[in-house]
Amino acid sequence: MTEPSLATTPTAKRSIWSRIPVIHQLRQSVGLQRGMLIAGLVITGIFVLVAIFAPVISPYGYAQLSDAHGQFGAQQAPGGAHIWGTTVGGFDVYSRVLWGAQTAIVVIIVSVLLSIFAGIFLGLVSGYFGGWLDRVLVVVCDAIYAFPSLLLAIVMAIVISGGQSSLWGGIFAAAISITVVFIPQYFRVIRAEAVRIKAEAYVESAKVVGASNSRIMFRHVLRNSTRTLPLIFTLNSSEAVLTLAGLGFLGFGIEPTSASEWGYDLNKALSDVTSGIWWTSLFPGLAIVLGVLGITLVGESLNDLADPRLRGRRAVAGTAGVVAETSVVPGGTLTAGPGGLGGLEGGIPGGYGSEVRP
Amino acid sequence: MSSVTTPLSPDTVPGPAEPGRLQKRKQGGSGGGLARYIVVRVLLIIPTIFILVTLVFVLMRSTGDPITAALGGRLSAAQLAERIHAAGYDRPLYVQYFEYLGHAFTGDFGTTLSDNQPVVQVLLTYGSATLELAFYALIVAFVVGIPLGMVAAYYRDKGRDAFLRVFAILCYATPVFFAGLLLKLVFSIWLNWLPVAGRASTSAELAMQTLPSPTGIYLIDAFQTGDPAIVGDVLSHAVLPAIALGLLTAGVFLRLVRTNVIGTLSTEYVDSARSRGVSEIRLVRKHAYRPALIPIITVIGLQIALLLGGAVLTETTFEWKGLGFQLVHYLQARDFVAVQGMVALLAVIIAVTNFIVDIIAALIDPRVRY
């Protein structure tokens, strides 16, 4: 479950460098897809950097109302000491937007990690053992999956914090609410893979040798069923940001004195808009859009690169056998791409848009 | 980290990783057909509804009883206990659960604490507004998403495709409430073209309330009044919320149409149609698009959930007095009986809608029902 093992593939003996999921895809991509991937990585990188260095970059604290010159004042237009103005509550918009990145990242990490562990465990057990437990879990997860995630997150937020949040309580409430929404996704993917893999010959031989169930599950099945995880990971991260903002917007977020949260700020900006005050909503909103955009661009690119039908095409489509192989091992070194070896790593000059229609 | 021993055999599952939602595998499913499929699907929604209702009950009640949540701190402990006893919340939880299930089964989802209305009545009153909003949003999503998706597929990997894909991601990445705020700011405040919030202006609402049989769906009611000014008023109120919510779904449709049309464009019958001299536009619009529609219809079922979640946010942004607006109102009043009832009932609605969509998909595509 460590990062490098996500891309572990049958063709072993590759350097650690090429086994890190995103790096590999970056080298595999060409042209437009590479552009989208890089753009996504850059935006996400900025997002992470801002989150880490928020205390250094931001001129004020997220809950700071006054400085040496006195109170900030509410709804001050951008300019002067407050380059993005101040909110209706008298906070500095610029500082709160920067600090908000930190909250978002923490929530992403907590929620995605929790759901990965819970979802993988349930999926493995369910898929590997089968039986009535499997059936029950599948029906439950399908039911949860069909439910509007925001409503579920609201219910969870009520359960966890009674709808009112304090410092870390708020962050965890949001993260766990999002976790519950995500578990079915990991569960379904891992379960489907486990069901497929447990029929493989090497699982059978492991059984013959006398390996225990847990060893087979975690060593043989899990290792081979993680191919889609980086993809779901990125897509979930972006959804986590959106769900957090949605919760905040509906008033289930984190109190402004505990942490900065973009959705909460947008909620407070709702009435500002009517009087033409744009800066309190524009900047936190753009922060959400940019954060989600960056992560989604990475996720989309990973998705396309994992799917041979969508991968940037060169010359002619490959044969079915080749397609099957590449789609099973998206993180592996491509010994044969859809169009053969040509330009997989380097890219063909003018390869894009110059394909010949049959 | 040891190396993994055996390579995955190349002949396994070439398709994308999405596990089939609908395809309940049945061995040797040559016969049976549609009737059998419908029966299986009907049997499947019962546990779904049961699980969701149970889940909501367990989660909401694990916080304690609703009366303490709503009134705690405002009443003395003795008064609270008296109220709790009167409402039956001091009985064992499983007794309450079975009572709740029994009531839910007969369509009684409880009575709101704050304004003493049956939850079903709340749903009937405000559901029409949400339905109307969802309908407008779907129109926007179809009109924007499907043609653009075809364009993106045709110009695959070229400039237009890249632009449209970023547009689709932006649609997804922009929270509906932020999109709503921006639209309000630009079109209502700065340009002053469209109303800021609400479903209709007060005079129009009054005119529609005097109708002999108001439906609650304002567009229909507006037509009933026969006054074009009222129709225009209702429509102008709907534009911004519909765009805010519709764009969210439009992005999904765009991506979906693009992926599927790319798939069908590379099939042999498209090649053969092209060699017969069928025009490129016709090729995309008829030959490639029609078969690509099937997966789109099944996904619409899943979109209902997204749409409802988005509706909660959109309605709050635009003060559109529908279910989501009302749900947030009850949440803020800490009226958890109402919240529990509404969420449970919404779960039922979603399960039923998904069922209908699945049936439609099966009617269109025989492959679905195996």
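The values are calculated or read from the model by the stated rules, or taken from the named source; none is laboratory data. The structure presented is a predicted model; accordingly, all values stated were derived computationally and were not measured. Note that each Cβ is placed from the backbone with ideal geometry, even for glycine, and that neighbours are counted across all protein chains shown. Ligands, DNA and RNA are stripped out before the accessible areas are found, and what is left, the full protein with its side chains, is counted by its heavy atoms. Shrake-Rupley method; radii C 1.70, N 1.55, O 1.52, S 1.80 Å.
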P(r) of chain B over all Cα-Cα pairs, 10 Å bins starting at 0, rounded to whole percent, reads 5, 18, 24, 25, 18, 8, 3, 1, 0
Placing +1 on each Lys and Arg Cβ and -1 on each Asp and Glu Cβ in the stretch B:41-131, then taking the dipole about the Cα centre, the residue among B:62, B:98, B:46 whose Cα reaches farthest towards the positive end is B:46
Any idea which of B:204, B:327, B:170 is furthest toward the positive side of the dipole for the stretch B:125-332, if Lys and Arg beta-carbons carry +1 and Asp and Glu beta-carbons -1? B:170
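Across the residues of A:130-139, average count of Cβ atoms on other protein chains within 10 Å?
That average works out to 1.
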Only Lys, Arg, Asp and Glu count, each charged at its Cβ (+1, +1, -1, -1), so figure out the dipole size of the stretch A:238-309 about its Cα centre, rounded to 20 debye. 100 debye
So what does log10 I(q)/I(0) come out to for the stretch B:203-246 at q = 0.13, 0.21 Å⁻¹, using the Debye formula with one equal point on every Cα and no solvent? -0.27, -0.63
Which percent of the accessible area of the stretch A:165-236 is formed by carbon and sulfur heavy atoms (probe 1.4 angstrom)? 65 percent
Of B:155, B:94, A:264, which has the most accessible area and how do the rest follow, probe 1.4 Å? B:94, B:155, A:264
Given a 1.4 Å probe and the protein chains all in place, what does the accessible area of residue B:286 round to, in Å² to the nearest 10? 80 Å²
Please work out the FRET efficiency for the pair residue B:43 and residue B:90, using the Cβ-Cβ distance as r and a Förster radius of 41 Å; give the result to the nearest 0.05. 0.65
Any chance you could list P(r) for the stretch B:143-182, counting all Cα-Cα pairs in 5 angstrom bins from zero, rounded to whole %? 6, 24, 25, 20, 13, 9, 3
Keeping every protein chain in place, order B:163, B:253, B:325 by accessible area at 1.4 Å, biggest value first, i.e. largest first. B:163, B:325, B:253
Which distance in Å, rounded to a whole number, links the C-alpha centroids of the stretch B:296-333 and the stretch A:260-296? 19 Å
With all protein chains present, calculate the accessible area of residue B:208 using a 1.4 Å probe and round the result to the nearest 10 Å². 10 Å²
When the charge dipole of chain B is computed with +1 on Lys and Arg Cβ and -1 on Asp and Glu Cβ about the Cα centre, the Cα farthest towards its positive end, among B:194, B:111, B:252, belongs to B:252
Over the heavy atoms of residue A:159, what accessible area does a 1.4 Å probe trace out, to the nearest 10 Å²? 40 Å²
D for the stretch B:248-370, whole µm²/s, Stokes-Einstein with Kirkwood Rh over alpha-carbon pairs at 37 °C and 0.692 mPa s: what number? 191 µm²/s
Would you kindly compute the Cα radius of gyration of the stretch B:94-140 and its largest Cα-Cα separation (Dmax), both in Å? 14.7, 47
Mind checking the alpha-carbon convex hull of the stretch B:125-332 and giving the volume per residue in Å³? 149 Å³
Going by accessible area, probe 1.4 Å, with all protein chains left in place, what is the ranking of A:38, B:300, largest first? A:38, B:300
Let me test this: with uniform point scatterers at the alpha carbons of the stretch B:183-222, what is the Debye-based log₁₀ I(q)/I(0) at q = 0.15, 0.18 1/Å? -0.45, -0.57
Residue by residue through B:175-188, how many Cβ atoms from other chains fall within 10 Å of the Cβ on average? 6
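Buried accessible area between B and A (1.4 Å probe, both chains summed, ligands and nucleic acids excluded), in Å² to the nearest 100? Walk me through the intermediate numbers first.
Values: alone 20610 and 17290 Å², together 30910 Å².
Buried surface at the B/A interface: approximately 7000 Å².
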Just checking the output field for B:42-53: average partner chain Cβ neighbours within 10 Å of each residue's Cβ? 3
So if I place +1 on the C-beta of Lys and Arg and -1 on the C-beta of Asp and Glu, and nothing else carries charge, what would the dipole magnitude of the stretch B:125-332 be about its Cα centre? I want it in debye, nearest 20. 920 debye
Calculated Rg and Dmax of the stretch B:32-170 using C-alpha coordinates, Å: 23.9, 72
